[in-house]
1. Does residue 367 meet the test of being out of contact with any helix residue (DSSP H, G or I) (no Cβ under 6 Å at 6 or more places or on another chain), modelled with pLDDT under 95 and surrounded by 15 or more Cβ atoms within 10 Å (Cβ to Cβ)?
2. Kindly indicate whether any position in the range 159-166 is at pLDDT 95 or above, away from the ligand (no atom under 16 Å from the Cβ), in contact with a helix residue (DSSP H, G or I) (Cβ under 8 Å, 6 or more places away or on another chain) and closer than 30 Å to residue 17 by Cα.
3. With the requirement that a residue be part of a strand (DSSP E or B), more than 16 Å from the ligand (Cβ to nearest atom) and crowded, with 20+ Cβ neighbours inside 10 Å, what does the range 247-288 give you?
4. Which of the residues belonging to the range 219-246 are assigned to a strand (DSSP E or B), surrounded by 24 or more Cβ atoms within 10 Å (Cβ to Cβ) and away from the ligand (no atom under 12 Å from the Cβ)?
5. Give me a count of the residues in the range 97-131 that are assigned to a loop (DSSP other than H, G, I, E, B) and within 16 Å of the ligand (Cβ to nearest atom).
6. Among the residues of the range 176-203, which ones are crowded, with 16+ Cβ neighbours inside 10 Å, touching a helix residue (DSSP H, G or I) at 6+ places or on another chain (Cβ under 8 Å) and part of a helix (DSSP H, G or I)?
7. Specify the residue that is surrounded by the fewest Cβ atoms within 10 Å (Cβ to Cβ); the eligible residues are those in the range 132-152 that are within 17 Å of the chain's Cα centre (by Cα) and outside any loop (DSSP other than H, G, I, E, B).
8. Of the conditions (1) more than 10 Å from the ligand (Cβ to nearest atom); (2) without any contact (Cβ under 8 Å) to a residue 60 or more places away in the chain; (3) touching a strand residue (DSSP E or B) at 6+ places or on another chain (Cβ under 6 Å), residue 206 fails just one. Which one is it?
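The values are calculated or read from the model by the stated rules, or taken from the named source; none is laboratory data. A quick note: this is a predicted structure, and the numbers were derived from the prediction, not measured. Cβ atoms come from the backbone with ideal geometry, glycine included; neighbour counts cover every protein chain shown.
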Ligand SMILES: Cc1ncc(COP(=O)(O)O)c(C=O)c1O
């Protein structure tokens, strides 16, 4: 087994990458567990940042990807139609909250946001994009232009896209911009992922939808993190009875394979002609095969239901810990298996994360200043695993209280 990865990486890996655990090295994974190069087994409640929805190395995902590897690794949809691209789009059209949905596939969440912004601008023939302050939509330059969860993401890169308006989630402010500028779309996260697992209010979302209709502004919903059962519904839109104009997808879509995409109704997609956008690797056959298997596993193993059931169980347990450790924990929030524990204290959060790692539990932080610990286990997680994780987490709380 190759060791000293962290040390060797210091010479050859760009220092630009932010790391939760710079010294942590793993060799392999299975189910809800990671296996370290130190021979230790770790219970993982990070899911590779909410990507490994069906857990690690699910046999059905592995089999589907391996089968596709032998058949066709790559051709590009620009050259030929191939089954996984089409079948994945057909399958997704049955689960997304958009009627007659059509899909464009790419490789990441940021690219999905890029595609959504490009489709909106192109179809609307208007330049403006509105985004909510505190949201995260990715790090490529277009996606970064609508990202403000941490201002340090933008430092050194300004000026970004022109005609982007960052607003507080306040309807009057949004309406002022809709009325005075030429706005193609507004992009929102229903649960702010990197922004600390803060959920938008029902009333705000319903009124925003009406405003969008009034001013002919497309509503882009970024479900890169919330999608595929994470929030306790296939898509968080369902909590709001919301039909977005454009839906951004990635992360949980292919169980860890790099796949992203957007969905929009056929009427809107038809306004985006051949060549107006594209990608060499987007919708890669192996990634799409993993995506198809992911949708099937989520359905067959009732993982959305598991997200609801075990999410409620975990939230109840975390809320009890909040009562017990009220001087440490300020709030427990989120939906499904996308829960945040707010400490309002970045040092404590770091201490707790490091303690948990040292005792075999992987937990990562979120929030603009890293003051929230997020619980995003694979959707296959069991009650026993949640209990085992909570035992380590409570020991970490005790330890944080003492030091
Ligand atoms: C809501 C949301 N949008 C976009 C992105 C960017 O996705 P990626 O890192 O795959 O580019 C993320 C990633 O965390 C996200 O949470």
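1. Yes.
2. So far as the range 159-166 goes, yes, one or more of its residues are at pLDDT 95 or above, away from the ligand (no atom under 16 Å from the Cβ), in contact with a helix residue (DSSP H, G or I) (Cβ under 8 Å, 6 or more places away or on another chain) and closer than 30 Å to residue 17 by Cα.
3. Filtering the range 247-288 for residues part of a strand (DSSP E or B) gives 247-249, 260-265.
Adding the requirement that they be more than 16 Å from the ligand (Cβ to nearest atom) leaves 264-265.
Once the filter is applied, which keeps residues that are part of a strand (DSSP E or B), more than 16 Å from the ligand (Cβ to nearest atom) and crowded, with 20+ Cβ neighbours inside 10 Å, the range 247-288 yields only 264.
4. Once the filter is applied, which keeps residues that are assigned to a strand (DSSP E or B), surrounded by 24 or more Cβ atoms within 10 Å (Cβ to Cβ) and away from the ligand (no atom under 12 Å from the Cβ), the range 219-246 yields only 246.
5. Result for the range 97-131: 2.
6. 178
7. Let us first name the residues in the range 132-152 that are within 17 Å of the chain's Cα centre (by Cα), namely 132, 134-140, 143-144, 146-150.
Those left that are additionally outside any loop (DSSP other than H, G, I, E, B): 132, 143-144.
Working: 132: 23, 143: 29, 144: 21.
Filtering first and then ranking leaves 144.
8. Going through (1) more than 10 Å from the ligand (Cβ to nearest atom); (2) without any contact (Cβ under 8 Å) to a residue 60 or more places away in the chain; (3) touching a strand residue (DSSP E or B) at 6+ places or on another chain (Cβ under 6 Å) one by one, residue 206 breaks only (3).
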